[in-house]
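Novice: Right, I'll just put the structure down here and ask away after.
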Amino acid sequence: MTFFSALLAAEAAKAAPHAAPAAAHGAAESHGPVADIMNLFGSFGVDLPHLLVQLVNFSILAFILYRFAVKPALGQMEERNRLIEKGLADAQAATRRLAEAQQASDAKLNAASDEAAKILAEARNSAKAAVEAAKAEAQAAQTEVIAKAKAAIEADRVKMLAEVRGEVSRLVVETASKVLAENLDDATRGRLNEAAVKQLAR
């Protein structure tokens, strides 16, 4: 029993001796629907003063519970929901940033691969050009060496032919001198030399 219900019970006990005859008289006289409802509640042990006190007590308890228990709990739930939503938004933003970073990394990797392929192609082309240039230079040097060798061989051949011609013409002159058993003059000797050179030139 609460304080209010005890207070109402005491007040009812004080007023009961004086009000009993009037109440009995009123009860005898009142037979409306309200009186029937009150009699029905009274048969279950519910009377109006105690019901009002219980309603006041319940309202106070509900207010206290709402003020100090339900409202803070709702605030914590709202705060937790806000934190959860913030965490989800941060997770989505992080996922989006990760995807963007992955795309940027893939783009940089592709660009680096393309650049490496380009550099490799340029290096191959440069090496090929260098090989071609070296080959052409070697061929030119070889041609020059062959030309110099041919020129040297030709010079040696001409020199040898000149020496052979001189020796042959000397031998011809000596042989002719011996065959003719006489000394040849310079004019005859020159004619014999020219004839020998002409024969060798053929």
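Novice: How far apart, in nanometres, would the label points at Tyr66 and Ala162 be if each is projected 7 angstrom from Cα along the Cα-to-Cβ direction?
Specialist: Calculated label separation equals 13.8 nm.
Novice: Straight-line reach from Lys86: which lysines fall under 23 Å, measuring Cα to Cα and dropping same-chain residues less than 8 apart?
Specialist: Qualifying lysines at Cα under 23 Å: Lys71.
Novice: OK, next. Could you derive backbone 3J(HN,Hα) for the range 163-171 from the dihedral phi with the Karplus parameters 6.51, -1.76 and 1.60 (θ = phi - 60°), listing whole Hz in sequence and x where the residue is Gly or Pro?
Specialist: Coupling constants for the range 163-171: 5, 5, 4, x, 5, 5, 5, 5, 5 Hz.
Novice: Can you list the lysines whose alpha carbon is less than 24 Å from that of Lys159, not counting same-chain residues fewer than 8 positions off?
Specialist: Cα-Cα hits under 24 Å: Lys148, Lys150, Lys198.
Novice: Using alpha carbons only, what's the Rg to Rh ratio of the range 31-73 with Rh from Kirkwood?
Specialist: Ratio value, two decimals: 1.28.
Just so you know, all these numbers are worked out from the coordinates, no wet-lab data involved. These numbers come from a predicted model, not from an experiment. Because the Cβ atoms are built from the backbone with ideal geometry, glycine has one as well, and the counts that use them run over all protein chains shown.
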